[in-house]
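Values in this text are rule-based calculations from the coordinates and carry no lab data. Model, not experiment: these values are computed from the prediction. Here the Cβ is made from the backbone with ideal geometry for all residues, glycine too, and neighbour counts use every protein chain on show.
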């Protein structure tokens, strides 16, 4: 593993720390994606059971900057939900994206707040808007929506809808 | 109305209002004046029209019920008045709310603070007061309409929002952007960084107590906004950077405007440095206040000037360059202590570096197209629509159903005025994003506030909060 910690800018030639993690986590799959602009992005797809260990392994191999965590609802696909975690490594100059598929009924995944305290708000937001439960989160409550809100607005089966607005003088017009 | 006593004169018969022209002699200037006075002062009873207009059915306030919780809150019922005596001194902590309506919270942010005397022991930021569901809205807008939505998120650096969104869409599309469009994008985003940091100086100065700084900061920011208005038509929320390039070419005479701007802003900046950096009161209030370490920055996802003030040498423009920004020479200013004062210094230095980039763009602006000529993405020029059936079809397709973007997912980040601004897009191959997620830098900064504020003094909260430069539109989206 220590060889993989050498700085790598071009993903193809240099040793890839994400790939070496796959030896430990055979259940995970991995794609390297080279965009038009910007850095090579590693995308790893992990089942929910191995997610926490995989992220812990990534943190050990240098991805110690928490960037982003969000949910996606693929509605007709199975597994329906996905949690996408973005990590960054200052020393390796790489990004990695971890995708975890979660089932439609009882979407449940381990929280990574013990590894990255910064995941706190992001996991709360994902819980708030998608209803995905993060096991082990210290304070899993709604973040953006009111506490008594019913439903998870960013799910695809939650309509955009509208709120009836009462204008002044509306009763006179009718 | 006629039997109401006249308040001015005291007699009963005075305010008889007769229809004009009835008896000719009454309508003199003196009676008119008296009538108008009567209308103001004698209306002691509720006018009927007012009562009907404010009746709004279901929205009326219900009569106060006998809710015990409410009465305790009002102070009419006292329970447990012996509890205070039982507590030891160490437990004498109280919880206070700062915000959501507080002038120095930069929008609507609420901080729940547990204080022990003057010392803060716990902080919990509570957000969501500005949540408008922009990510959900983004799923209902086409790719071309997308920038109008994202530009409103971080409303102080709208160009960065548009740039991050456009770069992400372009990655999925796989279109190449002309050189001139890239140069214009760099020009506008760097000027935006200047305007945003100038506003930071204004609000930061105001929160610390240097009120004149507020006026100066707003004034200089206005010179940038004037340039934006000339180029894009709007002072804020421009919708100028779009997938495929920019909306319009630079206007005639833009070089002269930019020259004026490049002359005036540094003059002001050196004055502000004298006003603040060399001001002992300002230094005392900011040095060693609200410290955050590089390790905490990493763990909490603190990026941008806030992380660089702690000595984290990381600027996305240098490490993962975009839009050809690697062609321009600039330095990345770093702080050492990670305190409020360093966060201020880093931003002042960044303004100078951004002006350096703007100067280089001004001198090396390439000629050519300002947007891609790929007709699947860019609408054709107006003239072509009259001549070519194909151009008409392209125009029609783009503005009715919008162009389609190949299926895939992409994360694209740019260095905004506040830090890493990332856009995560999932496309299902349709004309609208399947999922649009924006990783706002302020979101992470607000969440990291407890790390900076805990165990400091109440008076330092405002200084620390202002120094992280949060934009609540970016936090709540």
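Computed values, structure above
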{"quantity": "Shielding of B:237-246 by partner chains, average beta-carbon count, 10 Å", "calculated": "0"}
{"quantity": "In range of the label at residue B:235: residues from the range B:138-159 whose backbone nitrogen is under 14 Å from the point 7 Å along Cα→Cβ", "calculated": "B:156"}
{"quantity": "Computed over the range B:239-330: relative contact order in percent, which uses C-alpha pairs under 8 Å that are six or more apart", "calculated": "11"}
{"quantity": "Kirkwood Rh in Å, taken over all unlike Cα pairs in the range B:295-342", "calculated": "11.5"}
{"quantity": "Neighbouring partner chain Cβ atoms per residue of A:68-79, average, 10 Å criterion", "calculated": "4"}
{"quantity": "Over the range B:384-474, volume per residue of the alpha carbon convex hull, in Å³", "calculated": "136"}
{"quantity": "Nearest-0.05 FRET efficiency for residue B:455 and residue B:389, computed from C-beta distance (R0 60 Å)", "calculated": "0.25"}
{"quantity": "R0 of 56 Å, Cβ-Cβ distance residue B:262-residue A:106: FRET efficiency to nearest 0.05", "calculated": "0.40"}
{"quantity": "Value of relative contact order over the range B:106-172, rounded to a whole percent, pairs C-alpha under 8 Å and six or more apart", "calculated": "19"}
{"quantity": "The range B:137-175 and the range B:442-464: distance between their alpha carbon centers, rounded to Å", "calculated": "30"}
{"quantity": "Length gained when the stretch residue B:179-residue B:275 is fully extended (0.36 nm per residue, less Cα-Cα span)", "calculated": "30.5 nm"}
{"quantity": "FRET efficiency estimate (nearest 0.05) - Cβ-Cβ, residue A:158 to residue A:49, R0 25 angstrom", "calculated": "0.35"}
{"quantity": "Average beta-carbon neighbours from other chains, 10 Å sphere, peptide A:81-90", "calculated": "4"}
{"quantity": "Cβ-based exposure ranking for A:152, B:424, in which fewest neighbours within 10 Å come first", "calculated": "A:152, B:424"}
{"quantity": "Mean-position separation - Cα centroids, the range A:71-100 and the range B:281-319, in angstrom", "calculated": "27"}
{"quantity": "Relative contact order (%) - the range A:37-162, alpha-carbon pairs under 8 angstrom, separation at least six", "calculated": "23"}
{"quantity": "Reciprocal mean inverse distance between Cα atoms of the range A:25-156 - Kirkwood radius, Å", "calculated": "15.2"}
{"quantity": "Highest average packing first - A:75-81, B:309-315, Cβ atoms within 10 Å", "calculated": "B:309-315, A:75-81"}
{"quantity": "Viscosity 1.567 mPa s, 4 °C: Kirkwood-radius Stokes-Einstein D of the range B:92-159 over Cα pairs, µm²/s", "calculated": "90"}
{"quantity": "Share of alpha-carbon pairs per 10 Å distance bin for the range B:381-425, given as whole %", "calculated": "23, 26, 21, 26, 5"}
{"quantity": "Theoretical gain in end-to-end length, residue A:19 to residue A:147 [0.36 nm per residue, Cα-Cα removed]", "calculated": "41.9 nm"}
{"quantity": "Under 18 Å from the residue B:319 label point (7 Å along Cα→beta-carbon), backbone N, the range A:77-114", "calculated": "A:85-98"}
